[in-house]
1. Here are some residues: 83, 97. Which one is farther than 27 Å from residue 135 by Cβ and either modelled with pLDDT of 95 or more or in the same structural domain as residue 29 (by TED's automatic domain parsing) (or both)?
2. Select the strands (runs of 3 or more DSSP E) contained entirely in segment 117-217, then report the ones holding at least 2 residues which are closer than 30 Å to residue 80 by Cβ.
3. Condition test on residue 154, is it outside the structural domain of residue 41 (by TED's automatic domain parsing) and either surrounded by fewer than 19 Cβ atoms within 10 Å (Cβ to Cβ) or under 30 Å from residue 64 (Cβ atoms) (or both)?
4. Can you tell me how many residues within segment 19-70 are without any contact (Cβ under 8 Å) to a residue 24 or more places away in the chain and more than 24 Å from residue 166 (Cβ to Cβ)?
5. Given the condition more than 23 Å from residue 18 (Cβ to Cβ) and surrounded by 18 or more Cβ atoms within 10 Å (Cβ to Cβ), answer yes or no: does some residue in segment 180-199 qualify?
6. Could you tell me which of the residues 64, 55 is part of a helix (DSSP H, G or I), assigned by TED's automatic domain parsing to the domain that holds residue 36, at negative phi and surrounded by 18 or more Cβ atoms within 10 Å (Cβ to Cβ)?
């Protein structure tokens, strides 16, 4: 059994600012597949949620076409765009602090091999006991990915916390009964009011605040005793 409590992190918009690579690849994939490329703001809306779902929300296309677009995107993204990302100030220090006290894992919609490659590139993979992402066909739900991470770490919802930047993360935490921390420096939540729609332990504006939350709060008060 897990001796330390588990902290689960989303990746895109939570651990790393991956927008540059995703936006670039979304635009080039849509153009290559014959679709009108939307403005940059709309392209950025692909960052975080399942890409196929977002594509179907924006385009009048069938499942077969959506699957073909996603396959093309994943193949192209893995060739180099996956590494077009930026560090969030203070994240490495936050992870170093937390790793000494808790078990850390990643639960992301990003394809698992891409997530591993990206975190290795940024020399962050060693912080995590498990890095879990979607399967190659992108059929896994966020709930399934989170459950996989907990299983690999020998944890349970009562012994875990999920940290993320979007309603997808918050909804997964709510569904699985996992305490949630929202971050507003990513792509989903933009304010405390956005996070307030969901049960949550706290809301932070940057990784420094996240570290401070765990450093200053009583472990009993944040369910990590």
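The values are calculated or read from the model by the stated rules, or taken from the named source; none is laboratory data. Keep in mind the model is a prediction, meaning the values are calculated, not measured. Cβ atoms come from the backbone with ideal geometry, glycine included; neighbour counts cover every protein chain shown.
1. 97
2. Answer list for segment 117-217: 130-134, 160-164.
3. Spelling it out, residue 154 is indeed outside the structural domain of residue 41 (by TED's automatic domain parsing) and either surrounded by fewer than 19 Cβ atoms within 10 Å (Cβ to Cβ) or under 30 Å from residue 64 (Cβ atoms) (or both).
4. Result for segment 19-70: 7.
5. no
6. After applying the criteria, what remains is 55.
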